[in-house]
Amino acid sequence: MRSRIPYSCQTIDEDDIAAVAECLRSDFLTQGPRTRAFEEAGAVYVGSKHAVAVANGTAALHLVCMALGLESGGLIWTSPNSFVASANAGRYLGADVDFVDIDPETGSIDPDALETKLNAASAAGRKPDILIAVHFAGHTHGFDRVAAICAEYGVALVEDAAHAFGAVYQDRPDQMVGSHPQSVAATFSFHPLKSITTGEGGMIMTGSEDLAKKLGILRSHGVSKDPALVTDARPDDGDWYYEQHQLGFNYRISDIQAALGLSQMRKIDTLMEARRDRARRYGELLSHLPLHLPQATDRSSWHLYVVRLDRSLTNVTRKAMFDALRGRGIEAHVHYIPIHTQPYYRALGFAPGDFPRAEAYYETCLSLPIYPLLTDEEQDFVVAAIADALGHA
Ligand SMILES: *Cc1c(COP(=O)(O)O)cnc(C)c1O
């Protein structure tokens with residue numbers, strides 16, 4: 001058993017290392033054939049028409065918002081119970097950001113809260129341009145209702161699916177996250193703690209060929225050689241000729257990263273099964289303890305396993321539990337500090353109290369170690385430490 005048990009960690013095998021080494025010996029290091037193969041494999045796996053690989057999940061969100069025409073004066077809504085990147089995507093473009101409170105059972109946007117808020121915003125004439133829905137921990141309960149509400153109000157729906165590569169929609173047993181017919185795009189992250197990793201990396205899935213084309217240009221400086229887009233070529237211009245019509249970025253992924261991603265993709269089923277098995281096992285081992293357990297199913301990708309220390313169940317505080325686990329080398333974590341309570345967002349006018357359910361969730365949540373390589377022995381050790389802290393040893 002390891003001396004420290006992190007809350008999450010990557011799974012890297014010898015074949016991953018060999019795939020990267022093979023790329024290093026090839027002709028392409030930056031975006032090339034392996035990137036295209038990685039996109040192809042990602043699109044086939046989730047069942048999306050198009051996939052565009054980028055430098056990271058944050059760049060994926062930024063580019064989608066940009067390609068959808070978001071700009072200064074625009075407005076996005078997202079979940080306060082997420083990593084800051086979900087909201088920052090709108091801020092990069094000078095747009096305003098607002099939040100929709102969560103359903104504490106899922107940790108994601110509450111469809112009822114969304115409907116109420118959209119109704120009021122509609123009446124006031126300031127609907128959001130984009131809703132960035134976060135599949136917290138990889139759970140997707142209630143998402144079909146979120147999608148239906150966005151369709152009804154004409155709001156573009158983007159899924160921040162950073163936690164959900166490999167997840168299946170709760171309401172759609174045959175469809176993987178990234179293939180929802182009512183969302184404009186879904187973004188994934190391949191940070192080492194996510195379902196599969198490329199070190200840093202991300203991917204955008206979309207059913208729209210037009211959007212995929214725009215994303216491909218924006219990820220590479222806004223330049224293109226596409227004869228359909230080039231306007232000022234002269235007869236004696238050759239293959240060197242390209243034009244820039246808009247300001248893009250260098251958000252490319254490298255072929256070194258894509259080589260790792262392709263190798264990781266080959267074992268996604270095993271990685272998912274291992275996470276689901278760890279989650280099922282926690283569900284059984286923790287069921288007798290005074291804790292609020294996540295109610296998600298085998299369709300989740302189980303990026304996080306979040307328990308809550310409910311005051312109605314125990315007097316042990318989240319901080320006391322956190323310290324007790326850390327004292328035994330168990331690196332539990334907390335997801336998330338509500339985005340609107342960050343000093344940057346408070347300076348934009350948000351205040352504690354604005355999204356009370358996300359704040360209450362934050363006060364009581366604790367993320368337990370979950371990752372494919374977590375052994376039964378380590379998991380038993382975590383459970384014993386929790387039982388001990390709760391006085392149930
Ligand atoms: C990890 C994460 C991101 C950002 O992904 P990076 O690849 O680290 O840029 C965005 N949103 C959520 C919810 C995340 O967990």
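Tabulated data for the structure shown
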| quantity | calculated |
| --- | --- |
| The one condition in (1) out of contact with any His (no Cβ under 7 Å at 6 or more places or on another chain); (2) part of a loop (DSSP other than H, G, I, E, B) that residue 118 fails to fulfil | (2) |
| Lone unmet requirement of (1) at negative phi; (2) assigned to a loop (DSSP other than H, G, I, E, B) for residue 166 | (1) |
| Filter pass, residue 338 being buried (at least 17 other Cβ atoms within 10 Å of the Cβ), on the phi < 0 side of the Ramachandran plot and assigned by TED's automatic domain parsing to the domain that holds residue 374 | yes |
| Subset tally (residues that are away from the ligand (no atom under 11 Å from the Cβ) and either surrounded by fewer than 24 Cβ atoms within 10 Å (Cβ to Cβ) or more than 11 Å from the chain's Cα centre (by Cα) (or both)) for the range 179-196 | 8 |
| Unmet requirement for residue 362, which otherwise passes all of (1) away from the ligand (no atom under 16 Å from the Cβ); (2) open to solvent by 40 Å² or more (accessible area, probe 1.4 Å) | (1) |
| Which listed residue, of 329, 349, is at positive phi and out of contact with any Ser or Thr (no Cβ under 9 Å at 6 or more places or on another chain) | 349 |
| Flag if residue 288 is touching a Cys at 6+ places or on another chain (Cβ under 9 Å) and in contact (Cβ under 8 Å) with a residue 24 or more places away in the chain | no |
| Counted residues, the range 78-99 - those being within 15 Å of the ligand (Cβ to nearest atom) and in a strand (DSSP E or B) | 3 |
| Selection from the range 16-47 of residues that are open to solvent by less than 80 Å² (accessible area, probe 1.4 Å) and among the charged types (D, E, K, R) | 16, 34, 39 |
| Verdict on residue 260 being assigned to a helix (DSSP H, G or I), out of contact with any strand residue (DSSP E or B) (no Cβ under 7 Å at 6 or more places or on another chain), buried (at least 20 other Cβ atoms within 10 Å of the Cβ) and assigned by TED's automatic domain parsing to the domain that holds residue 194 | yes |
| Some residue of the range 172-193 being in a loop (DSSP other than H, G, I, E, B), without any contact (Cβ under 8 Å) to a residue 24 or more places away in the chain and in contact with a strand residue (DSSP E or B) (Cβ under 9 Å, 6 or more places away or on another chain) | yes |
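The values are calculated or read from the model by the stated rules, or taken from the named source; none is laboratory data. Since the structure is predicted, the reported quantities are computational estimates derived from the model, not experimental observations. Note: ideal-geometry Cβ built from the backbone for every residue, glycine included; neighbour counts use all protein chains shown. These accessible areas exclude ligands, DNA and RNA; they are computed on the full protein's heavy atoms, side chains included. Shrake-Rupley method; radii C 1.70, N 1.55, O 1.52, S 1.80 Å.
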